[in-house]
1. Where in region 255-332 are there trypsin sites (Lys or Arg not before Pro) that are in a DSSP coil and have at most 16 other Cβ atoms within 10 angstrom of their Cβ?
2. Distances longer than 21 Å among the Cα atoms of region 216-371: what percent of all pairs is that?
3. Hey, got a sec? Which trypsin sites (Lys or Arg not before Pro) in region 41-92 land in a DSSP loop and have at most 12 other Cβ atoms within 10 Å?
4. Tell me the Kirkwood radius of region 116-266: reciprocal of the mean inverse pair distance over distinct alpha-carbon atoms, in Å.
5. Report the extension gain between Ser388 and Leu182 in nm, rounded to one decimal, defined as 0.36 nm multiplied by the number of residues separating them, less their alpha carbon distance.
6. For the residue pair Val23 and Ser98, what label-to-label distance in nm results when each label sits 7 Å from Cα along the Cα-to-beta-carbon direction?
7. At a Cα cut-off below 12 Å, give the aspartates and glutamates reachable from Lys307, other chains included and same-chain residues fewer than 8 away excluded.
8. Relative to the present Cα-Cα distance, how much length would full extension add between Leu233 and Glu346 at 0.36 nm per residue of separation?
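Where a number appears in this text, it was derived from the coordinates with a stated rule and is not lab data. These numbers were taken from a predicted model, which means no experiment stands behind them. Glycine gets a Cβ as well: all are built from the backbone with ideal geometry, and neighbour counts include every protein chain shown.
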Amino acid sequence: MKKGILILALSFCGILGFASVKVFHVRDFGAVYNDNKDDTEAIQKCINEAVKYSDSKIIFGSGVYNVNKQLAIDYTNKSLEISSEMINGKIAEIHSTSQEHIIHARGFFTNPSTGTFKLNQIKIIGNNIPYSSKHPNINKKEWKAALIITDMSNVYIDNVQIENFYGQGIHITTTDPLNLPLNSRFKFVEITNCKLIDVWGSNPKFDDYGDAIYLANVANGIVKNNYIENKLLRTNQLGRCGIVLEFFSENIQVLNNQIVEGYDRPLHIENTYGGHSVKNNIFKGSDLGIVIVENFEKPYKPTIFSKNNISNVNLLKNVKFTKSYGEGSYGDRSFVFIITTGKSKENLIIFQDNEFIVDDNYIYNSNSVFNIRSKNVELLGNTFKSTSINKNYSIFNYGKSKLSNNKLQNNFDIR
């Protein structure tokens, strides 16, 4: 190719956004998998070099790497991807011996938000121990996250597995979640095909951490095809929430996820702008399935829950653990607890074609399956079942919301 044509071609690629990605491999900085030696310094050197470029990718080999403190991606407004090779079905595993965040990706708190972070095909393994009165982190205010991402614009997490971690699993927020220009929020977050196993934390007095997936300040997002399980027979304690949507988030699609055991409530939505779609999920393992606390004084888009299966299956009777939200208030431990403020008269929270099942083989200490403290809710075509015919359950419609065409087994009523 002639020189002039080559320059023209490169210029054309630049105009179209086809800038080359700078690729780094952690082995080139001294990280060796499966050698039982600490790789923290080598991996951190690789990260520090990669973030110098506008678009970079870090690759791990398909083996075990050991770290003894957090891996920090410090203050970048660029694009960084971290991934691993896959050989014979095996991917990279990062094993941490520290009590810090394992991976912390930090951007800048700017208006508008900037920077892109991608993580895929990686296992992150903590070193948590089962609950006991001597657990070093129980009831402490300070928490850590296996993967924490702050102050960026776009986040893509796919095929990531997080295991055995105390605190938070995937935690995405801004450094000032309550006071921010809306353009400083994450523009788009996608979390897909991930597994979070035995990720939990317990601070019942303040109820402020212990989530598998936490999103705040996200303008648009997808949480899809994720599997979340905290095995109570192994960890001996509930985490706080399977998935949290909070603080000015909106337009989040929560689709086809399975939260099967070990959380005080599988889904918690609070202080958002709505517009969420929660569809085709399985929410098991609690007598408090979904908590919704919203303020309709500010603009709010309808949030729709459809074709979800909610049950108390896997809330084991033979394990001692501490509940948090609504504990001690008999009716507040309910498959759905909704409380809203504001003068809006619209139906802004809609439950349609969902299935609620109380299984008498597991814990369900309440007589309430729906606790509606809002006039802005609609229940349409939902099904309510129980394996027991001796215990009665109620939908408490304190807010006089709209209920129609719901299918209730004989031992269910509406009050």
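1. Lys307, Lys317, Lys320
2. 42
3. Qualifying residues, ordered by number: Lys52.
4. In region 116-266 this quantity evaluates to 15.3 Å.
5. Difference between extended and current length: 69.3 nm.
6. For Val23 paired with Ser98, the spin-label model returns 2.9 nm.
7. Within reach: Asp353, Glu355.
8. 36.3 nm
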